[in-house]
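A short reminder: the numbers here are calculations on the coordinates, not readings from a lab. Everything numeric here is computed off the predicted structure, so don't read it as measured data. Please note: Cβ atoms are built from the backbone with ideal geometry, for glycine as well, and neighbour counts cover all protein chains shown.
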Amino acid sequence: MKSKFSWKAFISFGLTYTIVILLVSGTILYISPAGRYAHWVNWKIWGLTKEGWQALHTVFSYTFVILSIFHLFTVNWKAFLSYLKSKKESGLNRKAELFFSSVLMVVFFFGIIYSIQPFKSVMDLSSYFTASWESNEEAPPIPHAELLTLTELAEQMKIQSVDEITGKLKNHGIVFEDATTQTLQDIATKNNTTPSEIYNLLKQNSGSSKQGSGIGRKTLETFAAEVGKSSDEVLQILKNNNIVAEKGQTLKEIGEINNIPPRDIFELFKN
């Protein structure tokens with residue numbers, strides 16, 4: 001015969017699973033890096049970001065409370081009412097237990113709030129684990145740099161024109177849409193990479209041998225990024241040398257218009 005559905009067993013299993021998940025998620029959040037670093041390098045454990053673990057911990061905390069309430073009302077409600085009734089008639093005979101339990105909870109509450117030992121040591125250990133993830137090589141230039149747009153990043157890196165940044169991104173095959181609204185985090189997510197990796201690409205200076213290879217196929221913006229100048233600066237230098245050019249043109253097209261080889265254009269920026 002098919003047994004009747006047992007709410008007691010259902011709630012007991014649910015509470016067991018919830019406790020395990022809270023224990024695991026709480027431990028991971030206890031040792032996780034600070035948000036500024038976690039976002040910068042797209043930190044993950046078992047496929048979940050820090051926000052993922054926070055969401056998991058929060059939702060299952062509420063689940064634990066809800067299941068505990070159901071446990072009280074569906075499993076032990078009669079026993080609970082009977083206990084309250086008996087205490088109302090006979091009075092509380094566990095005064096010592098109530099007193100010491102209350103004192104313990106008060107000590108824990110204010111000890112945590114005011115960082116009193118040994119509670120302070122518990123949180124200091126968490127801070128130690130949090131800081132241990134970070135390294136100088138991967139540290140963001142400013143807190144939450146992943147929220148900077150390309151325009152704001154150009155200002156942070158003290159670059160006169162955002163064209164230098166966008167040129168480098170195009171040169172490395174990084175897809176983006178708007179330099180003024182898209183953040184590094186948005187661009188990193190779209191390109192399946194991290195804000196840290198994109199920032200490191202932008203900081204790199206291409207070598208001269210790299211600059212010389214396939215020079216004719218490079219657009220003016222890409223070439224400007226490689227020589228560390230903005231598109232407007234490159235256009236001005238070309239204009240000063242009586243070379244007509246426009247943004248979006250390749251160096252080969254510029255050379256054909258001005259009857260000079262692309263290599264001659266490259267030589268103007270060699271020094």
Original post:
Lys44: which aspartates and glutamates have alpha carbons under 20 Å from its alpha carbon, excluding same-chain residues fewer than 8 sequence positions away?
Top reply: Glu134, Glu137, Glu138, Glu146, Asp186, Glu197
Original post:
What number comes out for the charge environment of Ser161, summing +1 per Lys or Arg and -1 per Asp or Glu over other residues with Cβ under 15 Å away?
Top reply: -3
**OP:** Treat each spin label as a single point 7 Å out from the Cα along the C-beta direction, and report the Glu97 to Ile112 distance in nm.
**Re:** 2.4
**OP:** Determine the gain in length on full extension of the stretch Ser121-Thr189; use 0.36 nm per residue of separation and subtract their C-alpha separation, reporting nm with one decimal.
**Re:** 20.8 nm
